[in-house]
Amino acid sequence: MRWFYRCPECGAEYDIEPGRYLCDACSAKQQPDQPLEGVLECAWEGSFPGGPDDVPLPVAKEFLPPLPVGNTPMWEPRRLREETGFPRLFLKDDTCEPTGSFKDRASYLVAGFAMEHGITEIALASTGNAASSMSGVGAAAGLKITVFLPKKAPVAKRVQVLQYGAELREVDGTYDVAFDQSLAYSKATGVLSRNTAYNPLTIEGKKTVSFEMVRDLARAREHEARRAGHLAELARKDYVAPDHVFVPVGDGVIIAGVYKGFEDLVRLGRIQKVPTVWACQAEGSSAIARALASGSFGAPVSSDTIADSIAVDVPRNGNHALSKLKAHQGKAVVVTDAQILDAQRELASKAGLFSEPSSCAAWAGLQKVKSSLRPDETIVVMLTGSGLKDVAGAMKGLGLQ
Ligand SMILES: *Cc1c(COP(=O)(O)O)cnc(C)c1O
């Protein structure tokens with residue numbers, strides 16, 4: 001099995017090596033204040049030597065850091081199933097990743113890549129979760145981590161960065177400013193960049209969730225068959241693809257990773273088709289939803305939402321995410337901050353799952369479109385960050401602030 005980077009736009013191929021981030025020809029077309037041009041994808045040729053539950057990844061297993069990333073729980077929320085009328089509703093819970101967010105899936109692969117290449121420092125910009133994630137995962141691996149974080153990032157995420165022993169450079173400005181500053185730092189020092197979308201491994205690392213979903217759903221079918229005594233069902237060994245997956249979207253890296261995972265699963269013959277993926281965005285940060293409706297990205301709009309982890313003016317992976325959504329007939333749904341806060345309380349009070357506002361945009365998205373789904377469909381809602389990461393946001397939802 002040979003791994004390489006491929007530009008999904010022009011098809012150019014590159015070796016996977018330190019210092020390679022974007023496609024040379026396509027990134028030359030970059031316009032200011034627009035999503036990244038020339039984002040690369042990890043690709044492989046040859047046959048995958050792994051077992052039926054293994055995920056093909058471009059970093060050798062022995063370099064991955066010693067902490068338990070991924071393999072998160074798949075919840076079967078009984079009360080929410082009854083109330084919504086979807087008996088096959090599942091919650092994929094990445095709030096319980098080591099640093100409390102889905103970002104660990106990307107940090108894990110980037111850290112493994114650094115270890116494999118003898119790299120000792122990683123730098124990145126973040127709205128908060130990528131910083132706390134890379135800091136924690138980097139701590140386990142013994143890497144130096146330098147983060148560029150807007151001053152207004154939630155305090156818990158800042159404290160995590162410092163507790164994990166990373167170097168914190170506070171940025172007087174938005175995430176977009178932090179992004180540019182961290183890139184300038186990486187370019188000047190030669191330090192590996194974990195900037196989301198810019199480093200293709202951030203997308204590849206996030207695909208692991210799709211592999212887990214189809215395995216989790218197959219296990220759920222097995223449990224159900226055992227309970228019901230259905231022997232024929234019990235003997236089945238195939239995977240179960242969801243019909244719908246609800247994903248909170250900011251820069252569009254998680255959703256591109258989810259798609260990449262499903263594309264790989266189809267290629268490996270583990271599932272038949274890519275599910276319907278719903279890009280769930282906050283009304284105050286909805287560039288990808290707008291682009292899906294109009295066909296392309298317009299001028300940037302200043303983001304304004306309580307959901308800090310999905311608040312971006314320019315979605316860095318916008319072009320790549322949009323082309324995946326178009327290729328697979330994906331859909332977008334936009335929700336208000338009030339709907340996000342309602343979703344947060346509903347998930348916490350009826351399932352016992354407390355997740356941060358950004359991640360609750362996915363639940364709010366399902367609530368908004370549920371009348372268009374069939375009750376027998378299998379639905380997975382991805383919950384991507386812990387509620388404890390932004391207590392101030394959660395207090396607003398309770399009317400306490
Ligand atoms: C980063 C993040 C998202 C959005 O991911 P993108 O790749 O930026 O679209 C959603 N939820 C949480 C908790 C996050 O930290």
**OP:** Could you tell me whether region 211-227 includes any residue that is basic (Lys, Arg), within 20 Å of the chain's Cα centre (by Cα) and over 15 Å from residue 106 (Cβ atoms)?
**Re:** yes
Original post:
Is it true that some residue in region 320-335 is polar (S, T, N, Q) and touching a helix residue (DSSP H, G or I) at 6+ places or on another chain (Cβ under 8 Å)?
Top reply: no
Original post:
Which residues, taken from region 127-155, are of a type in the set (A, V, I, L, M, F, W, C), modelled with pLDDT under 95 and surrounded by 18 or more Cβ atoms within 10 Å (Cβ to Cβ)?
Top reply: 153
Original post:
What pairs come up if the first residue lies in region 382-393 and is closer than 21 Å to residue 255 by Cβ, the second is more than 8 Å from the ligand (Cβ to nearest atom) and part of a strand (DSSP E or B), and their beta carbons are under 7 Å apart, counting only those six or more places apart or on different chains?
Top reply: 382/92; 382/245; 382/246; 383/91; 383/92; 383/93
**OP:** Give me the pairs, please: first residue somewhere in region 239-265 and within 12 Å of residue 279 (Cβ to Cβ) and of a type outside the set (Ser, Thr, Tyr), second residue anywhere and more than 10 Å from the ligand (Cβ to nearest atom) and modelled with pLDDT under 95, beta-carbon distance under 9 Å, and either six or more positions apart or on two chains.
**Re:** 250/303; 251/314
Original post:
What strands (runs of 3 or more DSSP E) completely inside region 37-137 contain at least 2 residues that are out of contact with any Ser or Thr (no Cβ under 7 Å at 6 or more places or on another chain)?
Top reply: 41-45, 89-93
Original post:
Which one of these does residue 168 not meet: (1) away from the ligand (no atom under 16 Å from the Cβ); (2) under 14 Å from the mean Cα position of the chain (by Cα)?
Top reply: (2)
**OP:** Could you give me the residue pairs with C-beta distances under 7 Å whose first residue belongs to region 40-67 and is surrounded by fewer than 16 Cβ atoms within 10 Å (Cβ to Cβ), whose second residue is at pLDDT 95 or above and assigned to a strand (DSSP E or B) wherever it lies, and which are 6+ apart or on separate chains?
**Re:** 45/2; 46/2
**OP:** Just name the residue that is surrounded by the fewest Cβ atoms within 10 Å (Cβ to Cβ) out of those in region 281-297 that are among the polar types (S, T, N, Q) and part of a strand (DSSP E or B).
**Re:** 285
Original post:
In this structure, is residue 309 part of a loop (DSSP other than H, G, I, E, B), crowded, with 23+ Cβ neighbours inside 10 Å and modelled with pLDDT under 95?
Top reply: no
Subject >> Evaluation of residue 234 against (1) away from the ligand (no atom under 15 Å from the Cβ); (2) modelled with pLDDT under 95; (3) buried (at least 23 other Cβ atoms within 10 Å of the Cβ) (one fails), failing number >> reply: (3)
Original post:
Considering region 141-154 alone, what residues qualify as being touching a residue at least 60 places away in the same chain (Cβ under 8 Å) and under 21 Å from the mean Cα position of the chain (by Cα)?
Top reply: 153, 154
Subject >> Number of the exception - residue 352 against (1) within 16 Å of the ligand (Cβ to nearest atom); (2) within 20 Å of residue 102 (Cα to Cα) >> reply: (1)
Original post:
Looking at (1) away from the ligand (no atom under 14 Å from the Cβ); (2) of a type outside the set (D, E, K, R); (3) modelled with pLDDT of 95 or more; (4) closer than 20 Å to residue 103 by Cα, which is the only condition residue 379 fails?
Top reply: (4)
Original post:
Among the residues of region 260-271, is any more than 16 Å from the ligand (Cβ to nearest atom) and over 27 Å from residue 201 (Cβ atoms)?
Top reply: no
Subject >> All positions within region 1-36 that are outside any loop (DSSP other than H, G, I, E, B) and in contact with a strand residue (DSSP E or B) (Cβ under 6 Å, 6 or more places away or on another chain) >> reply: 2, 3, 4, 5, 6, 13, 14
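The values are calculated or read from the model by the stated rules, or taken from the named source; none is laboratory data. For clarity, every value in this text was computed on a predicted model and none was experimentally measured. Cβ coordinates were reconstructed from backbone atoms using ideal geometry, including for glycine residues, and neighbour counts include every protein chain displayed.
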